[in-house]
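Heads up: the structure comes next, in structure tokens.
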Amino acid sequence: METIGTYSRKAYLTERFLTLRNKLSHNSTRAPTAPAVHRHARKRHLTKDEVSEIVARYNAGTRSTQLVTETGLAKETILKLLHTNGATIRRRGLSVADIAEAATLYRDGRSLEWIGKHFGVSHTTVRAALKKHGVKMRDTHGRER
């Protein structure tokens, strides 16, 4: 109170402070609530056998996104494990036939997100492929740009 009274010439601040102080003193009988706990993801240390299995499955054809889902690790972590253990990273992308079908679906009104899920790639991969092949993009409201 003294700080506000001494350094502030704004009476409404003093009134707000007094109101808050009164509310706090009336609520002092309530048990204090515990502060929010922020949980951080714990680092998961993989054994050599687990890493070998991940690399072997990737080399056998399992997609990195499937490994992410099954292991619960981040995609960056999976890719880093594969890279450091000598696996050749595959780029999924869309084939020419996939792009032609994606263009038809897009022109028929399907969203990039829907098309991406249909082909098992991200919506940004679909967008880049369609733009590269001259398909006119819609804005976020579905209107021609």
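The values are calculated or read from the model by the stated rules, or taken from the named source; none is laboratory data. Predicted model only: the values in this text are computed from it and were never measured. Glycine gets a Cβ as well: all are built from the backbone with ideal geometry, and neighbour counts include every protein chain shown.
Give just the number: which of (1) surrounded by 14 or more Cβ atoms within 10 Å (Cβ to Cβ); (2) at pLDDT 85 or above; (3) assigned to a helix (DSSP H, G or I) does residue 113 not satisfy?
If we test residue 113 against (1) surrounded by 14 or more Cβ atoms within 10 Å (Cβ to Cβ); (2) at pLDDT 85 or above; (3) assigned to a helix (DSSP H, G or I), just (1) comes out false.
Scan segment 48-88 for residues that are part of a loop (DSSP other than H, G, I, E, B) and over 17 Å from residue 121 (Cβ atoms) and jot them down.
If the condition is that a residue be part of a loop (DSSP other than H, G, I, E, B) and over 17 Å from residue 121 (Cβ atoms), then 60, 72, 73, 74, 85, 86, 87, 88 are the ones that fit.
What residue, of 77, 125, is touching a residue at least 24 places away in the same chain (Cβ under 8 Å), surrounded by 13 or more Cβ atoms within 10 Å (Cβ to Cβ) and of a type outside the set (Gly, Ala, Ser)?
Of 77, 125, the one residue that is touching a residue at least 24 places away in the same chain (Cβ under 8 Å), surrounded by 13 or more Cβ atoms within 10 Å (Cβ to Cβ) and of a type outside the set (Gly, Ala, Ser) is 125.
Residue check: is residue 91 at pLDDT below 85, under 19 Å from residue 120 (Cα atoms) and out of contact with any helix residue (DSSP H, G or I) (no Cβ under 7 Å at 6 or more places or on another chain)?
The answer is yes for residue 91.
Does residue 70 satisfy the criteria of being over 30 Å from residue 47 (Cα atoms) and not basic (Lys, Arg)?
no
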